[in-house]
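Peer 1: Pasting in a structure now, in structure tokens, and then I'll have a few things to ask.
Only the coordinates and a few stated rules stand behind these numbers; no lab work does. Every value quoted in this text rests on a predicted model; they were computed, and no experiment measured them. Cβ: placed from backbone, ideal geometry, glycine included. Neighbour counts: every protein chain shown.
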Amino acid sequence: METSVLNPIPEKEFERVLELSELDLDYSSLDEHFSDLTKLAAKVAGTDISLINLIDSFTQWSIANYGLPVDQTPREESVCQYTIVGDEPLEIKDLSRDNRFKEKDYVRKDPKLRFYYGIPLKTDDGNNIGTLCVLDDDSKHLTPEKVEMLKIIADEIVNRLFDLKVMSDMKKEITEANESKRKLSHDLRGPIGGIIGLAQIIEDQGDDNKMKEILELAELIRKGGESVLELADEILSKNKEEQERIPSENEFNLNTLKEKLEQLYTPQAASKDIDLTIANHSENEGIPFPKNKILQIVGNLISNAIKFTPKGGMVMVRQEFAKNDQGASHLLFVVKDTGKGISEKKINDILEGEAKSSNGTDGEVGYGFGLSLVKHLVDKMEGKIEVTSDEGKGCKFDITLPVKRK
């Protein structure tokens, strides 16, 4: 029987979760990109089930599955948490005879899993961000040839993940170019309008003084200015339509972000009988903004709040898109819970980027880097984070993020 350390942490855990966050993935919208590979892996291995799992600080996200409709698993409940610790595939012939897993529901109850074979999804930087695993309710034997084919599939998964990142960055650049076009057209309107006004004055005065040449010149200036102004108006009009459209693949608005957060984290809250509410407080909830690590930041805070809130408690999220008097835009997020709260020392550790997690209210295991990752990402985006807490009564995180467009 297996007696390995329970819930191990990879040696470079912060670097691992940081690289995963840099991919800026929406874990609920990737199946179409990888479903062919999960099916292929199952056929190669001769198993009924195949999963592609990405593992962050709190959760194992099954971004594609074959034979087992699962979207997420608490990290401490997963088998793959052990696979990402090492560099070699992990094989378990019989999960029911392994002390780490024999009491898990997926072993004791349907689907009564027995066989597991997992391959780390290793990046070029040497971080295991997840796994390709095949499972079955009966023992299997994988030949060296099959193992080699599974490794090839795992490499292809990593390649596709980074290809998706490249495509997302390209789309973001296009969005930023459109914003630059809008700003240019806006900046043109002022001086062009001034030129047209000046031309009109010259034209009016010239008419009084019979200045034929000045009149002709003024007419040319006015017509040229009006032509450019019409072009600026056309660009601005197109931009208005852009603002009112449904967000593109690399954007959210507050409504679509709310829906996404509910989709991803309501199951986690429901498993602890916690009331998760997400509300928009903004008249600008339809304006698109870049995704840019928003899911990683707010998602980690929600997972953390659920983890430290007892059964029957509440986690409340408020989000707002605001503009100041100078026209600069920023996002505001407040994540508040009715959990056990944190000490002043812990708050200081978070603000200094040195937070280490602990076990949750329902025995959830702490892996230590969720809040440190949040602080790192907020700082990188030149945002602000504030933490307030009343020990025994709950905790509140206030996040302010600038919305930057080139």
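Peer 1: If packing is taken as the average number of other Cβ atoms within 10 Å across a peptide's residues, how do 18-25, 58-65, 152-159 rank, most packed first?
Peer 2: In decreasing order of mean packing, 18-25, 58-65, 152-159 become 58-65, 18-25, 152-159.
Peer 1: OK, next. Determine how many Å³ per residue the convex hull of the Cα atoms of the stretch 13-142 encloses.
Peer 2: Measuring per residue, one finds 103 Å³ for the Cα hull of the stretch 13-142.
Peer 1: Note down the magnitude of the dipole of the stretch 13-142 about its Cα centre, charges +1 on Lys and Arg C-beta and -1 on Asp and Glu C-beta and zero elsewhere, to the nearest 20 debye.
Peer 2: 780
Peer 1: Let me ask you something else. Please list the three semi-axes, largest first and in whole Å, of the ellipsoid equivalent to the stretch 89-147, using sqrt of 5 times the eigenvalues of its alpha carbon gyration tensor.
Peer 2: Semi-axis lengths for the stretch 89-147 are 23, 15, 9 Å.
Peer 1: Now, a different point. Just want the ordering: MET314, MET167, from fewest to most Cβ atoms lying within 10 Å of their own Cβ.
Peer 2: Arranged by neighbour count, lowest to highest, MET314, MET167 become MET167, MET314.
Peer 1: So what J values fall out for the stretch 69-80 if you push phi through Karplus, 6.51 cos²θ - 1.76 cosθ + 1.60 with θ = phi - 60°, rounded to Hz, Gly and Pro as x?
Peer 2: Coupling constants for the stretch 69-80: x, 10, 9, 7, 9, x, 4, 5, 8, 8, 7, 5 Hz.
Peer 1: Moving on. Would you please give the residues with an amide H less than 5 Å from that of PHE252, counting only those at least 5 places away or on a separate chain, with H modeled from the backbone geometry?
Peer 2: PHE289, LYS291
Peer 1: To continue, here is another question. Listed here are the pairs LYS122/LYS384; LYS12/LYS404; LYS12/LYS375; which of them are more than 27 Å apart at the Cα?
Peer 2: Cα-Cα > 27 Å for LYS122/LYS384; LYS12/LYS404; rest within.
Peer 1: Pop out the ³J(HN,Hα) list for the stretch 374-389 in order, Karplus 6.51 cos²θ - 1.76 cosθ + 1.60 with θ = phi - 60°, rounded to Hz; leave Gly and Pro as x.
Peer 2: 4, 4, 4, 5, 4, 4, 4, 8, 6, x, 10, 10, 10, 10, 10, 7
Peer 1: With no solvent and one point on each alpha carbon, what is the Debye value of log10 I(q)/I(0) for the stretch 238-323 at q = 0.13 Å⁻¹?
Peer 2: Values returned for q = 0.13 Å⁻¹ are -0.45.
Peer 1: Related question: So for the stretch 57-107, considering every pair of alpha-carbon atoms, how many percent are separated by more than 18 Å?
Peer 2: That fraction is 39 percent.
Peer 1: May I pose another question? Taking loop as defined by DSSP and a crowding limit of 12 other beta carbons within 10 Å, which trypsin sites (Lys or Arg not before Pro) in the stretch 275-351 fit?
Peer 2: Sites meeting the loop and neighbour criteria: LYS311.
Peer 1: Moving on. Once you have the alpha carbon radius of gyration of the stretch 251-403, what is it after dividing by 2.2 N^0.38 Å, with N set to its residue count?
Peer 2: My calculation over the Cα atoms of the stretch 251-403 gives 1.00.
Peer 1: Hey, what do the phi angles of the stretch 142-158 turn into as Karplus ³J(HN,Hα) couplings, whole Hz, using 6.51/-1.76/1.60 and θ = phi - 60°, x for Gly and Pro?
Peer 2: 9, 6, x, 5, 5, 4, 5, 5, 5, 5, 5, 5, 4, 4, 5, 4, 4
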